[in-house]
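Chemist: Provided herewith is a single structure, encoded as structure tokens, for subsequent inquiry.
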Amino acid sequence: MPGEDQHGLPNQTSIVSKAREEAEESKRWSAPETVNKETDVDEKKVLVFRLGLVLWEIETGQVPFRELDAVNAQRQIGTGIVPKMENIENSELVDLLTRCLSFQPDDRPSLDDVGKSLSEVFGDGKGNALSKNAVEIHIKVDQ
């Protein structure tokens, strides 16, 4: 088969090609400041933005900007456009996602605040996560 050696194992070319595809696709989860190649980037704020995209994906069951290729999805993020929240019914979650996906890094919550908010949205408000749609969300924040 193409991409395999005589033993049926992936050859080096197919491994490199797959790695490139995955790297290209990961652009969908970039923060605006990394897209725009800003200097002095706060990595924790980048992580909050990316976490917001992952939480959006979990809640909606869709890949961010699925209608676009990865490069154009990244361009949207770089201009401040984020995935639509209209199909998310939980207003507290919409508020959290909106803050996480803020174009301005300083407007994003801390990782600790994200964890607390998730506990309130999906838990009992005391730090105990409950399952929603058979998915348990737990966030551990190193302090």
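Chemist: Starting with the fewest neighbours, write out ASP113, ASP106 ranked by other beta-carbon atoms found within 10 Å of each beta-carbon.
Modeler: Ordered by Cβ neighbours within 10 Å, fewest first: ASP106, ASP113.
Chemist: Grab the Cα-Cα distance for ASP113 and LYS44, subtract it from 0.36 nm times how many residues apart they are, and report the gain in nm with one decimal.
Modeler: That works out to 23.6 nm of additional length.
Chemist: Same structure again: Scan the range 63-122 for GluC sites (Glu not before Pro) in coil per DSSP, keeping those whose Cβ has at most 12 other Cβ atoms within 10 Å, and list them by number.
Modeler: Passing sites in the range 63-122 are GLU67, GLU86, GLU89.
Chemist: Can I ask one more? Project the alpha carbons of the range 12-122 onto their principal axes and report the range along each, largest first, in whole Å.
Modeler: 47, 33, 25
Taken together, the values in this text are just the output of simple stated rules run on the coordinates, not laboratory data. All figures in this text were calculated on a predicted structure; none of them were measured in a lab. In this analysis, Cβ positions are derived from the backbone assuming ideal geometry, glycine residues included, and neighbour counts consider all displayed protein chains.
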